[in-house]
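These notes concern the structure reproduced below.
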Amino acid sequence: MAQIPDSLNRFQLRSGRLAQLSTQQRLMLGGIVTLAAGGLAVLAIAAFATWFFMCPCERTPGAYLHGEQAEEAVADWGFANDVPLCQIETRSGILPHAINLNCAADQQGQLFLSCSQCEGKRWSTAALENPAARIRLNGVVYPITLRRLGSASELDHAWRVRAEKLAGLNGSTLDQVPPRPDHWWSFEVTSRS
């Protein structure tokens, strides 16, 4: 007769029912438990792979941005104003980190990323440590370099550009730009080839 593991022996003492099972029933029960554990492991791996390869999704961050790889550097980012959000991938530690983020290009084609209460967020901290990043627009992934804007005039310009883009996406006009909050960060995007 097969030896019952100690964990089952403890269970047997508690319930008394396991002792009434035949060897065949115990083997069947062990097989069911093994299959259930294997099924849960497969589901966990599938969920991780979906997150890693498919997100960022809405407010859920992702890891690696997939898509067609841009071959040439971008001089005019104006086309970014046609999408509601950009997807940005930064690197810090072992895994990349990707999120959906506000982005807007000015009349000269310069692209800016913006973030409310950005200090301490994983992506912005990573961008400060390693400015090499990637951005996905309309399924195409572009290598970029990020530079945090520091002067009030740069930040005000990026804030206005963002407000103009959002007004355009909403089908409205921009009569007046509200004041920029102090906790608002912006990054300038430069294309890399």
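Numerical summary
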{"read-out": "Tally, over the range 161-193, of residues that are within 30 Å of residue 72 (Cβ to Cβ) and out of contact with any strand residue (DSSP E or B) (no Cβ under 9 Å at 6 or more places or on another chain)", "value": "2"}
{"read-out": "Residue that is surrounded by the fewest Cβ atoms within 10 Å (Cβ to Cβ) [pool: residues in the range 154-193 that are among the hydroxyl-bearing types (Ser, Thr, Tyr) and under 16 Å from residue 127 (Cβ atoms)]", "value": "190"}
{"read-out": "Residue match in the range 154-167 (condition: in contact with a His (Cβ under 9 Å, 6 or more places away or on another chain), part of a helix (DSSP H, G or I) and free of Cβ contacts under 8 Å to residues at least 40 places away in the same chain)", "value": "no"}
{"read-out": "Identity of the residue in the range 94-149, of a type in the set (Ser, Thr, Tyr) and assigned to a strand (DSSP E or B), that ends up farthest from residue 65 (Cα to Cα)", "value": "116"}
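FYI, it's all coordinate maths here, none of it is from the lab. Keep in mind it's a predicted model, so treat the numbers as computed, not measured. For neighbour counting, all protein chains shown are included, and Cβ atoms are generated from backbone atoms with ideal geometry for every residue, glycine included.
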